[in-house]
1. Does the range 128-162 hold any residues that are charged (D, E, K, R) and either closer than 21 Å to residue 272 by Cβ or free of Cβ contacts under 8 Å to residues at least 24 places away in the same chain (or both), and which are they?
2. Would you confirm whether any residue within the range 125-133 is assigned to a loop (DSSP other than H, G, I, E, B) and either buried (at least 24 other Cβ atoms within 10 Å of the Cβ) or at pLDDT below 95 (or both)?
3. Looking at (1) at pLDDT below 90; (2) part of a loop (DSSP other than H, G, I, E, B); (3) farther than 25 Å from residue 166 by Cβ, which is the only condition residue 341 fails?
4. Consider residue 325 against the criteria (1) polar (S, T, N, Q); (2) farther than 30 Å from residue 129 by Cβ; (3) touching a Gly at 6+ places or on another chain (Cβ under 8 Å): it satisfies all of them except one. Which criterion is unmet?
5. Could you please let me know if residue 130 is among the hydroxyl-bearing types (Ser, Thr, Tyr) and closer than 22 Å to residue 105 by Cα?
6. Would you confirm, using the coordinates I've provided, whether residue 398 is in contact (Cβ under 8 Å) with a residue 60 or more places away in the chain and more than 25 Å from residue 434 (Cα to Cα)?
7. Restricting attention to the range 183-208, report how many residues are closer than 14 Å to residue 245 by Cβ and either surrounded by fewer than 21 Cβ atoms within 10 Å (Cβ to Cβ) or touching a Gly at 6+ places or on another chain (Cβ under 9 Å) (or both).
8. Condition check: surrounded by 23 or more Cβ atoms within 10 Å (Cβ to Cβ) and in the same structural domain as residue 112 (by TED's automatic domain parsing). Does residue 227 satisfy that?
Amino acid sequence: MSRLAYQLRLSAPGEHAVQQGLQVSQSQDHRVLSYANNFDGRRAPVRLVCVCPGLVPSSGPEEIRGSRNSQECILTTQFSDFSLSTALKARLEANKFLTPTPVQAGAIPPALEGRDVLATAQTGTGKTLSFLIPIVEMLQRVQDRNAAQALILLPTRELAMQVETAFKAVRTSHLQSVALVVGGMQERPQLDAIRRGARLIVATPGRLEDFLKRKLVRMDQIQMMVLDEVDRMLDMGFQPAIARIAAMVPATRQTLCYSATLEGAVRDVAQKYLNNPARVEIGSVRKPSENVELRTFEVDPTQKQELLEHLLEQEQGSFLVFVRTKHGADRVAHRLTRGGHAATQIHGDRSQSQRNTALRSFSEGRHRVLVATDVAARGIDVAHVAHVVNFDLPKMAEDFVHRVGRTGRASARGVASTFAAPAERGELKKIERALSIQMKRFRVKVNPESQMQEGTSPSACSEQVQEGDNGVRPRASKPMASRNPSRRFGRFQGQRERSKSGQKSRQNAA
């Protein structure tokens, strides 16, 4: 995708502003990006209308182009254009945060003004920084340093740990301390951080509610509360805990709410806890990112492992492989390791230390493959995942979106491959209909010649099939992901021949 800028048309004062692609609205009225500058460097005195043709890059505007006449020009927005403290601007620049993503450009200005915010956006669009920046600005103004003034609630401890790390990277002083309050880890360090006067609490609902019941933490000084991944927290059954926690927080607080969807219980939560929020909606949250190439392989369940190893040999980059069960994650990872691939796994039965080690080794490139259950589908932010593989078909369309959302982040390109058995065609079509998408389809077949040879690993080929054919008439036929036979399958054949040769040599020597 070529780099794009937001095209903003200057309109007369009082003219209704309409924004497409980047929508920042309050009820039916659309809010205007008041911080944008024009080409002369002066603050634009008129409303701005975003026409933004085509796909909006998730990394935000990066270049300026277009006419410079008085009626229409291209404006660009950077973090330096926000009303931020000099210290915070310096921290953002030091961390290479120069250009805000659409959700950041939409959510930060109203949050800095003290308004509640309700934001929906695809995963990987930079939501975390959009609430950390207002929190840091608020902490710089507040003088009371003996109690927490900000609270962030998240569904999983992995996501909470990542938010804690991100906050430490952008905070402007070590006095802006943070306490991580999550289950599955020792209580004492968490309580010590609270007692030392943590200014920000990053928590999962279960552990924080437990601390509140035991009167180990105060919420009476909270000025800003963030509910991140609300839909996921509700799916996990945290709605009662959220209600009890919110009841302990001052009613005059500012609330920022982030969700991938805005349906059912999520809408109820927004209506209950937010007061006249600025509405930010970026792109479609019911579809995978346009940056991800979607393809599906119809494959017999017994051949999934061979297909996965074939893709690993034919394609470059890191792989995030999703399976349905904990046992399945262990089995796939162990088989990949035995096959010579650097693979590790993450699931609910692994200790927190093991999960942290697996994520760190994967993000740092020591392991090329991470096999995961859906515990990693939400909130795990690992940069540069080239390929997501749905080894097992997800149960719901939303799970598909969040799995696929691990690649193609921040305007990068990605590939998502889904393995489906012939009996799962109906389930696959349901996902496609629910998301209004159509994936490239390939059928994987076993090579009968290699099947006749005892001890030879089955060779597979794929053929792309037309929609509606149900895999009957091939449109094209070629070996999987390559015009040449699989190197892996060739290696198995070579090993077999060498094994026979070695047996003959030993017989002759005897």
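1. Hit for the range 128-162 is 141, nothing else.
2. Looking for residues that are assigned to a loop (DSSP other than H, G, I, E, B) and either buried (at least 24 other Cβ atoms within 10 Å of the Cβ) or at pLDDT below 95 (or both), one finds at least one in the range 125-133, hence yes.
3. So the condition that residue 341 fails would be (1).
4. Status for residue 325: all satisfied but (3).
5. Judged against the criteria, residue 130 is a match.
6. On the way: in contact (Cβ under 8 Å) with a residue 60 or more places away in the chain: yes; more than 25 Å from residue 434 (Cα to Cα): no.
Against the criterion (in contact (Cβ under 8 Å) with a residue 60 or more places away in the chain and more than 25 Å from residue 434 (Cα to Cα)), residue 398 does not qualify.
7. Within the range 183-208, residues that are closer than 14 Å to residue 245 by Cβ and either surrounded by fewer than 21 Cβ atoms within 10 Å (Cβ to Cβ) or touching a Gly at 6+ places or on another chain (Cβ under 9 Å) (or both) number 3.
8. Taking the combined requirement at face value, the residue satisfies it.
The values are calculated or read from the model by the stated rules, or taken from the named source; none is laboratory data. Note that the coordinates shown come from a computational prediction; the quantities given were computed from them, not determined experimentally. In this analysis, Cβ positions are derived from the backbone assuming ideal geometry, glycine residues included, and neighbour counts consider all displayed protein chains.
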